[in-house]
Amino acid sequence: MLLRYLVSNFLQQQGQTVVRDFVSQQLAEHNSEETAPEDIPKPDVVVVFALGVESAGFKESLDSPTPVKMEKRTVTVGRLGDRVVGVVETGVGRKSAAAAVRDVIDIIGPKWIVSAGFAGGLVSDLKRGHVVMANCVGDLEGNEVKIPLNLTAEQIKATQGLASGKLLTVDRIIRTVEEKRELGDKHTAVAVDMETLAIAQACHEKETKLISVRIISDTVDQPLPKDLEKLMSQKTTSGMLGAAAATIFNRPGSIKDMWNLNAMANKASDKLAGFLGGVLPQLDLAVREDEQS
């Protein structure tokens with residue numbers, strides 16, 4: 001989860017820092033006014049990310065991506081081959097993700113929801129850049145939703161950089177190596193995020209098919225900086241910028257850290273986009289017809 005939570009990865013431009021997904025959001029809102037929803041075909045697949053820094057690579061991979069204001073949600077609609085695909089940024093956390101997914105299903109009625117983005121590794125086998133397709137998603141209280149992937153252990157093993165297993169959804173950043181290992185062992189989980197269980201529960205409630213595709217941004221052996229907790233405690237973009245400025249003032253070396261993390265975030269986003277580009281055309285074969293529960 002490391003990359004995503006550095007205030008959408010600061011970009012240095014003309015001596016200032018700019019939040020990539022904040023700028024993306026502003027442009028999307030501006031452009032969405034120019035396209036009427038009735039002029040755009042409704043997607044049968046909607047890929048949901050928490051933030052623009054995660055979705056950027058995938059949106060760039062679509063043909064003719066167009067931001068469209070559909071009632072109270074902005075959906076970027078484009079084509080991936082013959083398939084019409086929508087992209088939505090839900091915001092961070094379970095509450096925001098669940099509300100966005102329910103709205104998307106009510107407004108668009110897609111056949112598929114894809115929960116995508118970054119995740120933290122909880123087992124040593126997962127390296128940065130590996131992709132996790134969850135076959136189950138749960139939380140600390142024992143709530144679970146199963147995702148009946150139509151993948152054999154042999155197929156997963158034969159695909160370099162691909163893993164499958166339980167994805168754990170939590171409500172805060174898991175910062176220390178010790179806590180990551182403890183959560184992985186206690187909950188038999190391979191990775192951790194902050195949205196997917198809520199997305200899965202919303203899909204189950206709305207009888208919509210779900211698949212989860214997450215790329216590992218920080219490994220189990222990589223502790224997250226204390227600065228991160230202060231940044232993510234802010235509720236507004238201006239608050240995040242202020243906290244980041246204070247971090248840079250108190251620790252000038254953090255500028256280099258943020259710059260490096262931005263490069264890694266862009267790389268992860270692009271790699272995730274490539275994997276999604278291979279999965280989405282085969283969605284109808286990716287999950288068994290078993291009821292998700």
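A short reminder: the numbers here are calculations on the coordinates, not readings from a lab. Only a predicted model underlies this, so the values are computations on that prediction, with no experimental measurement involved. Glycine also receives a Cβ, built like all others from the backbone with ideal geometry; neighbour counts cover every protein chain displayed.
Here are the numbers for the structure shown:
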{"read-out": "Pairwise label distance in nanometres, ASP185 with VAL84, each label 7 Å out on the Cα-Cβ vector", "value": "5.1"}
{"read-out": "Long-range amide H partners of ILE147 with built H, under 5 Å", "value": "CYS136, VAL137"}
{"read-out": "FRET efficiency estimate (nearest 0.05) - Cβ-Cβ, GLU60 to GLN282, R0 25 angstrom", "value": "0.75"}
{"read-out": "log10 of Debye I(q)/I(0), alpha-carbon scatterers only, for region 102-158 at 0.12, 0.16, 0.20, 0.23 Å⁻¹", "value": "-0.44, -0.75, -1.07, -1.22"}
{"read-out": "Gain upon complete extension [ILE156, SER96; 0.36 nm per residue less C-alpha separation]", "value": "18.4 nm"}
{"read-out": "Cut-off 11 Å between beta-carbons: net charge of the residues surrounding THR90, Lys and Arg +1, Asp and Glu -1", "value": "0"}
